[in-house]
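Presented below is the structure to which this report refers.
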Amino acid sequence: MARLAVVPLVACPTTYGVEPSSAPPVLPETVTVPVPTDLASAVAVYTDARGELRVLGPAGWTCAALLAADGSSAVDAYAPGEPDPGAGRSPARSDRAVVASQTGGCVGCDVVQACPLFPAAAAAAAADQLPCTGRPAAESVVRLGGTVVGFEDPPGVAGDGVPSGGPYPANGVVTYVDANHSGQYPSYLATCTLPASQHPLCTASLNLFVSDYGSR
């Protein structure tokens, strides 16, 4: 059963595409989020230095963030000693990670990210002659709403999860709003790769992500 809990808010070391003109805000040390009662003391919320994108993950992890020049951003939380999965920015793979990203104002990036999972995005990619990677047959998909799709890449299957293809399932969600492919509505992506024993944490993380960004 989920309840509101006060958990640590971790501002991750952040790389900027363009150096900001002002110092980052002072973020609070904690944040209140809905989590299952038995997980409340074992999780933290990870965010970038400006608090623009956040993701729930296990407490005590390493993290990094990116705020790109085109308005896209990413937050990577991963187990200590493992590589930064890079949120699609590099081929590095972390076996245990919780990663969030959004496409910002990058025109066409929302279509490319969402096209394997949304027919409207696939049609837009074809019309605009943009690349669209096919979805692996082993990937399972469930529509969670008009603008949100959930998926699971089984262990060893590199699919829409970022990361995916490692020893654990990659559970994730993707959002897409079909609005003339203008980049006005970013596509959000979150992926959680944890052992089966920690699957409830992935569920809590993705539920919070959908609550935060699923209607944007």
Sort the following peptides by mean Cβ neighbour count (other Cβ atoms within 10 Å, averaged over residues), highest first: 119-125, 195-201. 119-125, 195-201
Take the alpha-carbon centre of the stretch 9-48, take the same for the stretch 124-189, and report the distance between them in whole Å. 25
Would you calculate, for the chain, the mean residue ellipticity at 222 nm contributed by helices, counting each DSSP H stretch of 4 or more residues as -39,500 (n - 2.57) and dividing by all residues, to the nearest 500? -4000 deg cm²/dmol
How high is the relative contact order of the stretch 1-114, in percent, with contacts defined as C-alpha pairs under 8 Å that are six or more residues apart? 23
Could you grab the relative contact order for the stretch 111-216? Cα pairs under 8 Å, six or more apart, rounded to a whole percent. 20
Taking placed amide H atoms and a strict 5 Å upper bound, the residues 5 or more places from Gly105 or on another chain that come that close are Gly71, Ser72
Once you have the Cα-Cα distance between Asp128 and Glu82, take 0.36 nm times their residue separation minus that, and quote the gain in nm to one decimal. 12.8 nm
Amide H within-cut-off set for Thr15, under 5 Å, with H built and near neighbours excluded: Ala65, Leu66, Leu67
Sort 13-23, 104-114 by the packing proxy (mean of other Cβ within 10 Å over each peptide's residues), most packed first. 104-114, 13-23
Sequence-separation-based contact order of the chain, relative, with Cα cut under 8 Å and 6+ spacing, percent: 17
Percent of all Cα-Cα pairs per 5 Å bin for the chain, counting from 0 up to the last occupied bin, reads 1, 8, 16, 20, 21, 17, 11, 5, 2, 0
For Val26 and His199, calculate 0.36 nm times their separation in residues minus their Cα-Cα distance, and state this gained length in nm to one decimal. 59.0 nm
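Coordinate-derived values only; no laboratory data. Note that the structure is predicted; figures quoted are calculated from it, not measured. All Cβ positions, even for glycine, are placed from backbone atoms using ideal geometry, and neighbour counts span all protein chains on display.
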